[in-house]
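The structure appears below as structure tokens.
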Amino acid sequence: MSCKARLLLGITGSVAVYKVCELIRLFRKEDIEIIPVMTPDSKRFISPLLIESLAQNRVYSDMFDESGGAFYHIMLSRGVNLILIAPATANTIAKIASGMADNLLTSAVLASEAPVLIAPAMNVKMFENRITQQNIDRLSGLKRFSFIMPESGELACGDVGAGRLADIQDIFDASMPYLLDNKLLSGKKVLVSAGPTREFMDPVRFLSNPSSGKMGYELARVARWLGAEVTLVTGPVSIKPPYGVRVINVVSAEEMKTAILNAKGRYDLLVMNAAVSDWRFDKRHTQKIKRNGSSLSLLFRENPDIISLASKSRKFGFIVGFAAETENLNDNAADKMKRKNIDAIVVNDISRGDIGFGQDYNEGRILFRDKTVVNIEKSGKRDMALRLFSEIAKRQKWVKT
Ligand SMILES: Cc1cc2nc3c(=O)[nH]c(=O)nc-3n(C[C@H](O)[C@H](O)[C@H](O)COP(=O)(O)O)c2cc1C
């Protein structure tokens with residue numbers, strides 16, 4: 001995904017600073033221009049050379065370096081979409097909260113009107129100290145500032161408690177809505193279903209499919225990046241849900257149906273990406289079924305057709321389904337869209353091993369109710385999600401001009 005955004009990345013003197021390398025990599029993968037601004041103390045923890053190499057941009061640190069013009073702190077903070085401070089020390093948070101401007105980072109924050117996202121990292125006692133908490137509260141009360149709070153766990157100093165830098169992927173996800181100029185789904189409520197379902201025949205065996213949840217999770221992630229309020233109804237998968245998304249975990253098709261149809265309120269968009277099992281066992285045995293030297297016959301019953309029920313419920317403004325097909329792609333998908341009375345369907349060819357189930361890439365076609373077809377070339381699942389939302393937003397006239 002290519003977005004022409006500029007990020008001022010403030011780096012401070014926390015032991016968690018090594019994690020910033022991974023964060024820089026995630027931003028660079030999306031082509032985001034990074035302006036790294038390091039506090040003088042942070043350079044005692046990590047070499048500017050490493051930051052410079054990963055960010056593919058020079059590091060700024062000395063407020064009085066006149067090599068590129070004297071007003072770095074003003075110049076740097078202009079035209080940036082976001083100032084992200086990660087990791088943020090107690091010291092830097094305190095300075096910003098009291099309006100100090102004694103280094104390039106704190107000066108740039110004060111001289112700018114850009115939103116500031118702060119990811120604190122420190123010892124639990126420092127974090128829980130009332131002074132730090134008051135500084136955080138003070139900044140949180142200002143519209144420009146938001147925080148992505150530290151996690152609890154074992155800290156580098158050996159103490160246990162809150163203070164560990166938030167997950168890097170979460171910091172990245174929390175930053176992206178500021179960096180995408182395109183707020184396609186701003187103010188929209190979106191429900192995404194993802195992953196497989198499991199239909200148990202006894203306590204240890206189930207019927208399922210190889211869906212990894214990657215496509216659905218990218219859809220939820222990108223919808224949130226684009227400004228939507230997102231609910232993700234997910235079957236069992238081994239990946240972490242995106243930051244800022246409300247997650248409802250389910251196991252069976254019946255549970256998924258209940259979660260989707262009973263989700264509170266009305267939604268602008270339902271993206272039904274889950275690979276729901278069409279059948280379940282007629283009977284779920286309470287004890288493990290044992291071998292008895294002969295064959296075993298089990299009866300299947302059809303599961304509820306969730307997307308058709310969603311269409312009948314009138315709870316969703318626009319419904320898009322996914323069709324994993326092995327033959328007659330267009331005809332099968334068009335037929336499915338008609339039978340289920342939905343607005344669009346994304347079809348992909350699962351007979352190919354390089355796209356779809358479990359893969360990082362996808363390729364397909366979006367068929368709309370009005371018979372228009374949009375081809376999506378092989379791309380990452382994230383790009384495919386963006387493309388899908390762009391097409392829907394255009395048709396629904398959600399795009400602000
Ligand atoms: C080994 C070591 C680790 C430190 N880790 C942290 C930390 O994680 N968080 C924090 O707020 N301060 C930490 N400090 C203290 C800061 O480095 C110190 O307050 C420094 O002045 C911060 O400067 P800055 O905010 O300008 O980067 C640490 C200090 C040392 C020596």
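The values are calculated or read from the model by the stated rules, or taken from the named source; none is laboratory data. Because the structure is a prediction, the values reported are computed rather than measured. Cβ atoms come from the backbone with ideal geometry, glycine included; neighbour counts cover every protein chain shown. The area values use the complete protein model at the heavy-atom level, side chains included, leaving out ligands, DNA and RNA. Shrake-Rupley method; radii C 1.70, N 1.55, O 1.52, S 1.80 Å.
Evaluation of GLY216 against the conditions (1) more than 23 Å from SER308 (Cβ to Cβ); (2) in contact with a Leu (Cβ under 9 Å, 6 or more places away or on another chain) shows that the sole unmet condition is (1). Scanning segment 305-324 for residues that are closer than 18 Å to ARG198 by Cα and open to solvent by less than 30 Å² (accessible area, probe 1.4 Å) yields ILE306, ILE307. Determine, yes or no, whether PRO210 is at pLDDT 95 or above, surrounded by fewer than 24 Cβ atoms within 10 Å (Cβ to Cβ) and of a type outside the set (A, V, I, L, M). The answer is no for PRO210. Summed over segment 325-339, the residues that are among the basic types (Lys, Arg) and open to solvent by less than 30 Å² (accessible area, probe 1.4 Å) give a count of 0.
Taking every residue in segment 31-45 that is free of Cβ contacts under 8 Å to residues at least 60 places away in the same chain and pairing it with any residue that is surrounded by 21 or more Cβ atoms within 10 Å (Cβ to Cβ) and in a strand (DSSP E or B), at least 6 positions away or on another chain, the pairs with Cβ-Cβ distances below 6 Å are ILE34/LEU7; ILE34/LEU9; ILE35/LEU8; PRO36/LEU9; SER42/ILE11. One residue stands out among those in segment 68-88 that are part of a strand (DSSP E or B) and either within 13 Å of the ligand (Cβ to nearest atom) or at pLDDT below 80 (or both): the one that is most open to solvent (accessible area, probe 1.4 Å), which is GLY69.
Taking the criterion of being of a type outside the set (Lys, Arg) and either open to solvent by 50 Å² or more (accessible area, probe 1.4 Å) or within 16 Å of the ligand (Cβ to nearest atom) (or both), the residues of segment 54-67 that qualify are LEU54, GLN56, VAL59, TYR60, SER61, ASP62, MET63, PHE64, GLU66, SER67.
Helices (runs of 4 or more DSSP H) wholly in segment 119-207 with at least 2 residues that are away from the ligand (no atom under 15 Å from the Cβ) and at pLDDT 95 or above - which ones? Let's see the steps before the verdict.
Details: elements: 124-128, 130-140, 168-179.
It comes to 130-140, 168-179.
I need every pair where a residue in segment 273-285 that is farther than 22 Å from GLY364 by Cα has its Cβ under 8 Å from the Cβ of a residue that is at pLDDT 95 or above and among the aromatic types (Phe, Trp, Tyr), sequence separation at least 6 or different chains. Qualifying pairs under 8 Å: TRP279/PHE300; ARG280/PHE300; PHE281/PHE200; PHE281/PHE300; ASP282/PHE300; ARG284/PHE200. Taking the criterion of being of a type outside the set (Gly, Ala, Ser) and under 11 Å from the mean Cα position of the chain (by Cα), the residues of segment 215-231 that qualify are TYR217, GLU218, LEU219, ARG221, VAL222, ARG224, TRP225, LEU226, VAL230. Only one entry in ASN91, ASN103 is within 10 Å of the ligand (Cβ to nearest atom) and open to solvent by less than 20 Å² (accessible area, probe 1.4 Å), namely ASN103. Of everything listed in (1) closer than 26 Å to ARG387 by Cα; (2) assigned by TED's automatic domain parsing to the domain that holds ILE85, the single unmet condition for GLY195 is (2). Of the numbered criteria (1) assigned to a loop (DSSP other than H, G, I, E, B); (2) touching a Gly at 6+ places or on another chain (Cβ under 9 Å), the one ASP31 fails is (2).
So which residues in segment 177-201 are small (Gly, Ala, Ser) and surrounded by 19 or more Cβ atoms within 10 Å (Cβ to Cβ)? Working first, answer last.
Let us first name the residues in segment 177-201 that are small (Gly, Ala, Ser), namely 186-187, 193-195.
Listed by number, the residues that qualify are SER193, ALA194, GLY195.
One line per residue, one yes/no per condition, for (1) open to solvent by less than 60 Å² (accessible area, probe 1.4 Å); (2) outside any helix (DSSP H, G or I):
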{"site": "LYS4", "(1), (2)": "no, yes"}
{"site": "GLY10", "(1), (2)": "yes, yes"}
{"site": "ALA16", "(1), (2)": "yes, no"}
{"site": "GLU22", "(1), (2)": "no, no"}
{"site": "ARG25", "(1), (2)": "no, no"}
{"site": "ILE35", "(1), (2)": "yes, yes"}
{"site": "LYS43", "(1), (2)": "no, no"}
{"site": "GLU52", "(1), (2)": "no, no"}
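Of the residues contained in segment 307-330, one or more are found to be acidic (Asp, Glu) and at pLDDT below 90.
The set of residues in segment 20-45 that are closer than 20 Å to GLY163 by Cα and either away from the ligand (no atom under 11 Å from the Cβ) or modelled with pLDDT under 95 (or both) comprises VAL20, CYS21, GLU22, LEU23. Tell me, yes or no, whether segment 363-380 has at least one residue that is at pLDDT 90 or above and crowded, with 18+ Cβ neighbours inside 10 Å. Yes; the residues of segment 363-380 include at least one that is at pLDDT 90 or above and crowded, with 18+ Cβ neighbours inside 10 Å.
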